[in-house]
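Below is one structure, written out as structure tokens, with a few remarks after it.
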Amino acid sequence: MDSRIVTRKLETLLVACESPQTAGVFLDRSIREGAAAAAAGVVALWVLQTPMFYITCAGAGLFFLPAFFRFLFLLVESDRRRKQREEMVPDLLLQASVFPPGTPIMKLISYCARSDFGFLGAEFFRAVTEIERGASVESALGAVSRRCKSPSVDRAVHLIVLGYSTGCDLSETFRQTAEDLLETQSILRERSALLWVEKYTILVAGGVVVPVVLGLLSGLSADLDVSAFSTLEIGASSVDRKSLSEMAGIGTWIYLIEYGVLASFFVAIQEGRWKRGVLYAAVLVPLGLAGFWLAAGW
């Protein structure tokens with residue numbers, strides 16, 4: 001992917017989170033923190049006389065870790081803000097529906113910019129500021145829609161712009177749209193409640209149950225004494241068994257990582273917010289690997 005596209009998307013994400021830093025500052029800080037973490041990890045592992053392969057892998061992982069967690073925070077924060085804006089859209093439309101016909105558009109937008117509407121009100125406050133600086137109403141409200149990246153916010157903004165450009169009384173349309181959005185939000189909450197048991201069953205299984213069971217089985221198989229079979233020339237040789245055991249261990253680790261990632265994104269897609277899959281995986285995969293390692297040791 002072109003670096004300019006990556007930078008542009010990162011800038012959009014930073015703006016959505018109202019972060020004061022630019023994409024350049026974000027990348028610069030991530031590189032500095034990653035280099036410091038990688039250097040500290042490499043030195044610590046070298047002192048512990050760890051094999052060079054593991055030192056290299058750990059150094060590479062630690063270098064990208066700060067950038068990963070910074071980006072993960074932006075994803076979670078932008079998703080939280082988007083959800084909060086969407087929840088305030090029905091209230092905003094209901095309030096707009098009570099304004100009498102012929103109300104000046106600036107009065108309506110200024111009312112929408114109140115702090116009572118949370119992050120959505122902050123977006124309209126930015127629109128008011130842009131209009132006062134000379135921007136047109138359409139462009140200022142269009143910027144609100146582009147920044148929020150939400151179908152419900154886009155719908156509300158489109159109705160306000162339509163009422164301004166046509167001069168028609170859209171009070172009834174505002175009210176009906178708000179009722180539709182409230183009904184949709186109610187259905188989504190009911191759906192989320194119904195999927196609660198399935199969601200946490202998958203997460204607990206991926207983070208605890210499956211890794212612990214596999215770890216216990218792995219520990220039991222490692223403790224089995226099968227040396228007598230070599231004298232009877234039954235089965236594989238001791239060298240082959242050791243190689244198979246190592247490959248089975250690596251395969252189990254890979255399976256747990258895949259299981260944790262798939263379970264995380266499956267739950268996140270069920271919730272309708274795939275970005276949360278990254279957050280779930282960041283918790284579920286290390287938790288599963290730690291559970292497997294502890295169970296195998298027991």
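Under the condition of being of a type in the set (S, T, Y) and under 21 Å from the mean Cα position of the chain (by Cα), which residue from the range 17-70 is farthest from G277 (Cα to Cα)?
Taking the candidates together, the pick is T22.
Checking the condition more than 30 Å from R126 (Cβ to Cβ), assigned to a helix (DSSP H, G or I), open to solvent by less than 70 Å² (accessible area, probe 1.4 Å) and free of Cβ contacts under 8 Å to residues at least 24 places away in the same chain, which residue from A35, A39 passes?
A39
Is there any pair linking a residue in the range 193-209 that is over 10 Å from L284 (Cβ atoms) to one that is modelled with pLDDT under 80 and in a helix (DSSP H, G or I), with Cβ under 6 Å and at least six apart or on different chains, and which?
Partner pairs satisfying both residue conditions: L195/Q270.
Would you mention how many residues in the range 1-32 are modelled with pLDDT under 75, outside any helix (DSSP H, G or I) and open to solvent by 50 Å² or more (accessible area, probe 1.4 Å)?
Count: 4.
Would you pick out the residues in the range 20-52 that are small (G, A, S), within 24 Å of L74 (Cβ to Cβ) and touching a Ser or Thr at 6+ places or on another chain (Cβ under 9 Å)?
A23, G24
From the residues in the range 163-179 that are open to solvent by 70 Å² or more (accessible area, probe 1.4 Å) and assigned to a helix (DSSP H, G or I), which one is nearest to K107 (Cα to Cα)? Explain how you work it out, then say what you get.
Quick first cut of the range 163-179, residues open to solvent by 70 Å² or more (accessible area, probe 1.4 Å) only: 164-166, 168-169, 172, 175-176, 179.
Imposing the further condition that a residue be assigned to a helix (DSSP H, G or I) reduces the set to 164-166, 172, 175-176, 179.
On the way: Y164: 12, S165: 15, T166: 17, E172: 19, R175: 18, Q176: 22, E179: 23 Å.
By that ranking, first place goes to Y164.
Within the range 67-107, how many residues turn out to be assigned to a helix (DSSP H, G or I), out of contact with any Phe, Trp or Tyr (no Cβ under 6 Å at 6 or more places or on another chain) and open to solvent by 20 Å² or more (accessible area, probe 1.4 Å)?
Going through the range 67-107 one residue at a time, the tally reaches 18.
The values are calculated or read from the model by the stated rules, or taken from the named source; none is laboratory data. The shown structure was predicted, so the numbers you read here are calculated from the model rather than taken from an experiment. As a convention, Cβ positions derive from the backbone with ideal geometry for all residues, glycine included, and neighbour counts pool all protein chains shown. All accessible areas refer to the heavy atoms of the entire protein, side chains included, with ligands and DNA or RNA removed. Shrake-Rupley method; radii C 1.70, N 1.55, O 1.52, S 1.80 Å.
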